[in-house]
Structure formats: structure tokens, C-alpha cells
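What follows is a short report on a single structure.
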Amino acid sequence: MDFPQNMSMEEAFALAEAEAKLQQALNESRERFDQAALPDRLNEDWRFGRPHRHAAALAELFDTPSCGEARVLRAGECAVPVSAEDDDLRQTEMLMPTIGSDALLGLHLQQFGAGYALYIEEDTKEPIVLEYSTDSFYAPSTYIMVAPGVKAEIEERHTGNAAESALFATRNIHVAEGAQLRVSLRSSGFARHMSITNIQNLGGRVSHLTQHSSNAWTREETVAEIYAAGEGTETRLYSANRLTGSEVLDQHTRQVHHVGGAASDLLYKNVVDDSATAVFAGNIYVAPGAHHTDAYQSNRNMLLSEKATIHSLPGLEILADKVRCSHGSASAPMDEEQLFYLLSRGIPRQEALQLVAEGFLADATNRFYAAETND
Amino acid sequence: MSLIIRNLHARVKDGAEILNGINLEIPKGEVHAIMGPNGSGKSTLSKVLCGHPAYEITAGSVEMDGQDLLSMSVDERSRAGLFLAFQYPVEVPGVSNANFLRAALEARLPKGEEINVVDFYKQLRGRMKELGMDTKFTARAVNEGFSGGEKKRNDVLQMMMLEPTYAILDETDSGLDVDALRVVSDGVNAMRAPFRSFMVITHYKRLLDYIRPDVVHVLYKGKIVRTGGFELVDYIEAHGFDFVRNEEE
Ligand SMILES: Nc1ncnc2c1ncn2[C@@H]1O[C@H](COP(=O)(O)OP(=O)(O)OP(=O)(O)O)[C@@H](O)[C@H]1O
Ligand SMILES: [Mg+2]
């Protein structure tokens, strides 16, 4: 190891220690990658998500360093760039639960050191806007920590600038007691987009929205963990997507109720056109003893083409009593009467289709924006 | 210039015939009332005229101001001046009333032109006031969660905004309270003009007392079986439709 010339003994030790720690972390993530299986079609969490074509290709991208740009477009005084030396953040990422992507997370950890951490200790007056963009491959990490009683709004955008752009993001979101957070993720323009999100609700209100558009392949894993009960705590997960061409959207969610007496709600909606494919696999997990849980989960799809495919697999795992849970899924073509109504007012067919489809998705986005973040 | 329906036959796709040879001419400037028992085909006639995909036309023709109506698409018919206020207006979740109307109006402009938003809202609010509608309805999704009467009013609002030449009102009076009935009728009457005509479908004299028809038709089993003046309305109000049923047998 080379030390700079005029460095004190202590400084040299500290540096050596940091480097050793980093090396250890790298080894651990390497191990993790080696031990966990890469996604394949026999893996229940990947069955319909084209792992043979996309997850494998994504894994290969880690052979080259990730390269992209992270920017705070608005109101980001509290934003700190994530650095490879930040051991706490790295540890947090290491502990993230995945839904079938442990191996891929191991790869992500080896390139750890891009993205932003937001430590929000005051109410945001306008939404904080973060953007990650790349024309090759980028692997950023986002950390959002909202302090007790603080109200925040965040928009995270992922933009692919070239035909082969790929992005793999991890997102850790901590909402403290009494905090209120509305956070969205919008991705567009990628050949491959993958995100693993972990929301930890420690007694606040959080609304999360994802919107993916114009990505050839999108894999989303969103796990919300609820650690506190009471009237003031609530976790809402929304998604609204329009798929065209041969796009594939593969979404996996978990609502994990560690304690009883809390509410969670999920509404994922897709409009699926052409020969596109939408996969939704959701799970509500109510831990032993988490009585009086109130959890909902709904996946709704509008099919605009006979060649479009939907795989909808909502699920429940309830290990407590006096629980109110429901899950449902529905997929149907566009309502003929609605379309006729618009046409009968002179609105041309293409535009009418567009309006009805947008209206269908607006249900999810409206609920996201209507979600209380006040009082 | 008029709307001319000749020997129109239509059925539900792969089903029984519902319209059995309708002949009807509505010249511009006139109001024609259509009455008839439940299930006689009044709504079917109005939807067939608009081009509803559930129905198949097996014979006949319809001419609107010299154009072959049946060869036009649903949206073309509307832009050419046809309008139907539905018996059961449809809910369109997530599409606001204002955006919906804007799209409908913009579709009538030459390609690329947009409507003036300020004028649009001014006109919209004015019309809503005429109809006694709260302006908060502009932001609400089309008919979603509207009461029965609110839906009917909303359809009439659309008619006022789109200013059609041939307007069909399918039981617009059903579901309206006494005051709303007057307000809506006043709105329709204000639109009566030499260049516009109305086909008013109703079961009740009350509406036709407000909107006085020039001609009254009775539709029965998919056919116009009687045509006359207001005396026909009085007769039906007093005696019902037994006279047409008896004649048919
Ligand atoms: N889409 C459809 N599918 C099946 N049957 C239909 C359809 N549309 C109409 N019908 C049938 O055709 C007949 C005429 O219906 P229509 O709605 O035109 O009657 P109407 O005269 O408007 O009656 P009302 O006064 O009750 O509104 C009825 O017997 C009805 O059940
Ligand atoms: Mg009817």
C-alpha cells in the first residue's frame, strides 16, 4: 500500500483500516454473488420475467464499471453523493431484502459508490428532484431518510439516453415516526431497467409510486416493511404503466407487516398494448402476532391487444388473527361503451383510446397525489 | 336539408331483429317526439344512428344533409353534426369533464389548431350555470359517481357545448327533478333554431309540454306505427299504448 508522503501514523492507520474494510465488503458481496443463484426460469420469482434474456445480460454488464450521471435537479440541499467509502450505507444495502435477486444485489454491491443519500430533517417546500441518467450502464443507490415529524416530497427519475442503456438501482427509504413522505420513481428509455426498493416505515405515512415507460425490459422489486402500528401510520404503493411494442414489465411486491394494527394499500395498474407483457407478483405477509392488520393489494390491467400478455399473481401469507386483508387482480379489454361514448362525441379513435387508457391509469396516480401528506 | 331514415332494419349482432323497417324524416328546424312502450326499439334506433358497434344493419339507409350516415364512422357522424344524449350516460373513469369536452371540441377544428382555453372555460362555466350545475363538475371524471340526474344534465351540457345540427335526446327527462326538468327544457328550447332539429324520446307528456314537438311518432316493435300531432301525446298519456297493441293483433 502506498501512503502519501507527509501522512501521520494515525492517518495512515485509518486509511489502511478503511481500505481493509472496503476489501472485506467487496469479498462479502462477491461471496454473496457466488452463493446465490442467478435468476433463471425455474426460480419462482423470475418465472415470467425473461431471466434468461435479461437478468443474465444485466449480470454481464457488471464486468465493466458503472457509468452515468447523478444530478439533483431541484431542492436538494440535503443530498449527499454516495461514496464507495460510506460503510454504513453499504451495510444498509447489504441487508436489503430482495425478491429473487440476491445474486444481482451482490453484483450491485461490488460497484457500490454512486447515487445520492437524502437526509431530510426539514419539511420540503417543493419536491426534491433527483435524476440518474446514462447512455451505457449505471448502478446507483438512493437513500432517503425522513426524520421524525418531517414532511417530504421526492421525485426520482431514471433516464436512459441510448438504445442499449441499462440501469440497476437500489433504493432504501426510511420513514421515521410521524414523518410523511410522497416519493415517486419514473424510469424511461432503457433497454434494461431494474430497481430494488426497500421501504421501512417506522411509524409515518408513505406513498410510493412507480411509473415505467419506454423500457424494453423492466424489473421492479418493491418491499415495504411496516414496523409500527397506529392511526398515523400508513403505507401506500402505487404503479401506473403503459406498455407497447414487445416491452416486458416484471413487478414484484411485498407488504410486510411486522407488527399489528397498521394499514397498507397497493394498487398496480397497467395498460398493455401490442405484444407487450406485464407480470405482477405481489405478496402480503402478516407476521405472527401482527393482529389487526389492514392490508390491501390490487393489480388491474387493461388489455388493448389480443397479443398482449398478463401474468398476475397476487398472494397472501397471514400468520396472525383478526386481520383484514384482501387481494385481487382483474384484466380486461377496454370497455366498449366507454370508447363508444368518446367516439360519439366526435373524438377520433386514437385519441379516444388514449384518453380512456390514461383515465384508467389515473386511478393510481390520482390516489398517489391525493394521499394525505398533511396533518 | 334533413335526416332521412329509410326502411331501416337492424339487429343485435347474431340476434333477433330489433328495428323492423323504420321510415322517418326529420327536416331541419323541427322537433320530433318519439314515444313507444318499453323495449320497442327507441334507444336502439338512436344508438344505431350513432353507429354503436353492438348492432348490425341488415337493410335500409340513413341520409343526413345528403350524406350517407351509415358509411361514416362513429366520430365522423358526431363531427358532421349528430348528437345523442344517452338514456344511460356512460362513466369514464379518470377523464375529466373539461378534458373530455376540450378533446371533443378540438376534434372539430382544422388539424393542428387548438381551442382558446380561456374562452373555453368561460363558455363551459356559462353553460353549466344555465343548467344549474356546480362548476366543480369540470374537474370530476366524466359521469363517474354522478347521480342519475347529474348524468343527464351532463349529457345536455355536452350537447350545448358541441352545438349539433341533429340532436337526439333519449329519455333525458327520466331522473331529472321537477326544477331540473324545467332548466334542461329551457336550455333545449334556447337551442331550437331553423338550422337544427331534435328527436326527443320520452314516455311522458310533461317533457313535451316544455319542449313542444312539431311531430309525434309512436314506435312499436321496431316500426313507426303512428305519426301525428300533440293530440297523440294526450291520447297516450290518457290511454297508454293498448291501441297500437290491439291494432297489431
Ligand atoms: N345490445 C343488446 N343486446 C341484446 N338485446 C338488446 C340490445 N339492445 C337492445 N336490445 C333489445 O332490443 C329491444 C329494444 O331495446 P331498446 O333499448 O331499444 O328499447 P327502448 O324502446 O329504448 O325501451 P325503454 O323505453 O325501456 O328505454 C329490447 O327488447 C332489448 O332487450
Ligand atoms: Mg330506451
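Does at least one position in the stretch A:250-265 carry a residue that is of a type outside the set (A, V, I, L, M, F, W, C), in contact (Cβ under 8 Å) with a residue 40 or more places away in the chain and surrounded by fewer than 21 Cβ atoms within 10 Å (Cβ to Cβ)?
Within the stretch A:250-265, one or more residues are of a type outside the set (A, V, I, L, M, F, W, C), in contact (Cβ under 8 Å) with a residue 40 or more places away in the chain and surrounded by fewer than 21 Cβ atoms within 10 Å (Cβ to Cβ).
Please count how many residues of the stretch B:5-40 are touching a Lys or Arg at 6+ places or on another chain (Cβ under 7 Å) and near ligand 1 (Cβ under 8 Å from one of its atoms).
Going through the stretch B:5-40 one residue at a time, the tally reaches 3.
If a residue must be more than 12 Å from ligand 2 (Cβ to nearest atom) and more than 14 Å from every other protein chain (Cβ to nearest Cβ), how many such residues does the stretch B:33-52 contain?
Counting residues in the stretch B:33-52 that are more than 12 Å from ligand 2 (Cβ to nearest atom) and more than 14 Å from every other protein chain (Cβ to nearest Cβ) gives 1.
Could you check the stretch A:209-246 and list, in sequence order, the residues that are more than 18 Å from the chain's Cα centre (by Cα) and under 23 Å from A:ALA56 (Cα atoms)?
Of everything in the stretch A:209-246, those that are more than 18 Å from the chain's Cα centre (by Cα) and under 23 Å from A:ALA56 (Cα atoms) turn out to be A:GLY245, A:SER246.
Scan the stretch B:66-79 and report the pairs whose first residue is within 11 Å of another protein chain (Cβ to nearest Cβ) and whose second residue is part of a helix (DSSP H, G or I), with Cβ atoms within less than 7 Å and a gap of 6+ or a chain change.
Taking only residues 6 or more apart or on different chains, the pairs are B:VAL74/A:PHE340; B:VAL74/A:LEU343; B:VAL74/B:CYS50; B:ASP75/A:LEU343; B:ASP75/A:ARG349; B:ARG77/B:CYS50; B:ARG77/B:LEU69.
Only one of B:GLU76, B:GLU91, B:GLU113 is part of a loop (DSSP other than H, G, I, E, B), at pLDDT 95 or above and more than 16 Å from ligand 2 (Cβ to nearest atom). Can you tell me which?
Working: B:GLU76 fails: part of a loop (DSSP other than H, G, I, E, B); B:GLU113 fails: at pLDDT 95 or above.
The conditions single out B:GLU91.
Quick one: what pairs do we get from the stretch B:85-98, first residue at the interface with chain A (Cβ under 7 Å from one of its Cβ atoms), second among the hydroxyl-bearing types (Ser, Thr, Tyr), C-beta under 9 Å, 6+ apart or different chains?
Here the result reads B:VAL90/A:TYR341; B:VAL92/A:TYR341; B:GLY94/A:THR365, each pair linking the stretch B:85-98 to a residue that is among the hydroxyl-bearing types (Ser, Thr, Tyr).
When you check A:ARG300 against the structure, is it within 14 Å of chain B (Cβ to nearest Cβ), buried (at least 20 other Cβ atoms within 10 Å of the Cβ), in a loop (DSSP other than H, G, I, E, B) and not aliphatic (A, V, I, L, M), yes or no?
Judged against the criteria, A:ARG300 is not a match.
Say whether the condition of being of a type in the set (S, T, N, Q) and under 27 Å from A:GLY346 (Cα atoms) is met by at least one residue in the stretch B:224-241.
No.
In the stretch B:116-162, which residues are assigned to a loop (DSSP other than H, G, I, E, B) and either of a type outside the set (Asp, Glu) or touching a Ser or Thr at 6+ places or on another chain (Cβ under 7 Å) (or both)?
The answer is B:ASN116, B:LEU131, B:GLY132, B:MET133, B:ALA139, B:ARG140, B:VAL142, B:ASN143, B:GLY145, B:PHE146, B:SER147.
Please tell me if A:THR64 is assigned to a loop (DSSP other than H, G, I, E, B), touching a residue at least 12 places away in the same chain (Cβ under 8 Å), among the hydroxyl-bearing types (Ser, Thr, Tyr) and exposed (fewer than 15 other Cβ atoms within 10 Å of the Cβ).
Criteria met by A:THR64.
Given (1) touching a Ser or Thr at 6+ places or on another chain (Cβ under 8 Å); (2) of a type in the set (S, T, N, Q); (3) surrounded by fewer than 16 Cβ atoms within 10 Å (Cβ to Cβ), identify the lone condition not met by B:SER96.
(3)
Under 6 Å between Cβ atoms, which residue pairs at least 6 apart in sequence (or on different chains) link something in the stretch A:176-199 that is on the phi > 0 side of the Ramachandran plot with a partner that is surrounded by fewer than 24 Cβ atoms within 10 Å (Cβ to Cβ) and not polar (S, T, N, Q)?
Between residues of the stretch A:176-199 that are on the phi > 0 side of the Ramachandran plot and residues that are surrounded by fewer than 24 Cβ atoms within 10 Å (Cβ to Cβ) and not polar (S, T, N, Q), the close pairs are A:GLY178/A:PRO148; A:GLY178/A:GLY149.
Determine whether A:ALA224 is of a type in the set (Gly, Ala, Ser) and either in a loop (DSSP other than H, G, I, E, B) or in contact with a Leu (Cβ under 7 Å, 6 or more places away or on another chain) (or both).
It is true that A:ALA224 is of a type in the set (Gly, Ala, Ser) and either in a loop (DSSP other than H, G, I, E, B) or in contact with a Leu (Cβ under 7 Å, 6 or more places away or on another chain) (or both).
Filter the stretch B:121-133 for residues that are under 23 Å from the mean Cα position of the chain (by Cα) and not small (Gly, Ala, Ser) and give the result. First the steps, then the outcome.
Taking the stretch B:121-133 as the starting set, the residues that turn out to be under 23 Å from the mean Cα position of the chain (by Cα) are B:123-133.
Within the stretch B:121-133, B:GLN123, B:LEU124, B:ARG125, B:ARG127, B:MET128, B:LYS129, B:GLU130, B:LEU131, B:MET133 qualify.
All but one of (1) without any contact (Cβ under 8 Å) to a residue 12 or more places away in the chain; (2) closer than 25 Å to B:ASP173 by Cα; (3) within 14 Å of chain A (Cβ to nearest Cβ) hold for B:PRO110, so report the exception by its number.
(2)
Go through (1) more than 16 Å from ligand 1 (Cβ to nearest atom); (2) assigned to a loop (DSSP other than H, G, I, E, B) for B:GLY175 and report which single condition fails.
Here B:GLY175 meets the rest and fails (1).
Might you let me know whether the stretch A:182-190 holds any residue that is over 15 Å from the mean Cα position of the chain (by Cα) and buried (at least 22 other Cβ atoms within 10 Å of the Cβ)?
Within the stretch A:182-190 (the criterion being over 15 Å from the mean Cα position of the chain (by Cα) and buried (at least 22 other Cβ atoms within 10 Å of the Cβ)), the answer is yes, since at least one residue qualifies.
Within the stretch B:5-23, can one find any residue that is at the interface with chain A (Cβ under 9 Å from one of its Cβ atoms) and touching a residue at least 40 places away in the same chain (Cβ under 8 Å)? Walk me through how you get there before you give the answer.
We begin by selecting, within the stretch B:5-23, every residue at the interface with chain A (Cβ under 9 Å from one of its Cβ atoms); these are none.
No, there is no match, as no residue in the stretch B:5-23 is at the interface with chain A (Cβ under 9 Å from one of its Cβ atoms) and touching a residue at least 40 places away in the same chain (Cβ under 8 Å).
Considering only residues that are within 16 Å of ligand 2 (Cβ to nearest atom) and in contact with a Gly (Cβ under 6 Å, 6 or more places away or on another chain), look in the stretch B:174-212 and name the one that is farthest from the other protein chains (Cβ to nearest Cβ).
Restricting to residues being within 16 Å of ligand 2 (Cβ to nearest atom) and in contact with a Gly (Cβ under 6 Å, 6 or more places away or on another chain), the top hit is B:LEU176.
Residue under question is A:PHE368, and the condition is that it be within 14 Å of another protein chain (Cβ to nearest Cβ) and free of Cβ contacts under 8 Å to residues at least 12 places away in the same chain; does it hold?
no
Among residues belonging to the stretch A:343-359 that are within 7 Å of chain B (Cβ to nearest Cβ) and assigned to a helix (DSSP H, G or I), point out the one that is surrounded by the fewest Cβ atoms within 10 Å (Cβ to Cβ).
Residues of the stretch A:343-359 that are within 7 Å of chain B (Cβ to nearest Cβ), as a first pass: A:343-349, A:351, A:355-356, A:358-359.
The next check asks that each one be assigned to a helix (DSSP H, G or I); those that pass are A:343, A:349, A:351, A:355-356, A:358-359.
Numbers: A:LEU343: 24, A:ARG349: 13, A:GLU351: 16, A:LEU355: 22, A:VAL356: 23, A:GLU358: 16, A:GLY359: 23.
Among them, the one singled out is A:ARG349.
Report yes if B:ARG127 is charged (D, E, K, R) and buried (at least 21 other Cβ atoms within 10 Å of the Cβ), otherwise no.
Here the answer is no, as B:ARG127 does not meet what is asked.
Sort through B:GLU163, B:GLU171 and tell me the only one that's among the charged types (D, E, K, R), within 14 Å of chain A (Cβ to nearest Cβ) and either surrounded by fewer than 17 Cβ atoms within 10 Å (Cβ to Cβ) or within 16 Å of ligand 2 (Cβ to nearest atom) (or both).
Exactly one of B:GLU163, B:GLU171 is among the charged types (D, E, K, R), within 14 Å of chain A (Cβ to nearest Cβ) and either surrounded by fewer than 17 Cβ atoms within 10 Å (Cβ to Cβ) or within 16 Å of ligand 2 (Cβ to nearest atom) (or both), namely B:GLU163.
Per-residue answers, yes or no, for (1) within 16 Å of ligand 1 (Cβ to nearest atom); (2) in contact with a strand residue (DSSP E or B) (Cβ under 9 Å, 6 or more places away or on another chain); (3) on the phi > 0 side of the Ramachandran plot:
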| position | (1), (2), (3) |
| --- | --- |
| B:TYR88 | yes, yes, no |
| B:SER96 | no, yes, no |
| B:ASN99 | no, no, no |
| B:ALA104 | no, no, no |
| B:ARG108 | no, no, no |
| B:LYS111 | no, no, no |
| B:TYR121 | no, no, no |
| B:ARG125 | no, no, no |
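Could you check A:GLU17 against (1) surrounded by 15 or more Cβ atoms within 10 Å (Cβ to Cβ); (2) at pLDDT below 90; (3) in a helix (DSSP H, G or I) and say which number it fails?
Of everything listed in (1) surrounded by 15 or more Cβ atoms within 10 Å (Cβ to Cβ); (2) at pLDDT below 90; (3) in a helix (DSSP H, G or I), A:GLU17 misses just condition (1).
Of the residues A:GLY232, A:GLY245, A:GLY178, only one is outside any strand (DSSP E or B) and touching a Ser or Thr at 6+ places or on another chain (Cβ under 8 Å); which?
Being outside any strand (DSSP E or B) and touching a Ser or Thr at 6+ places or on another chain (Cβ under 8 Å) holds for just one of A:GLY232, A:GLY245, A:GLY178, which is A:GLY245.
The values are calculated or read from the model by the stated rules, or taken from the named source; none is laboratory data. Computed from a prediction, not measured in an experiment: that's the story for all the values here. Don't worry about glycine lacking a Cβ; one is built from the backbone with ideal geometry, like all the others, and counts go over all protein chains shown.
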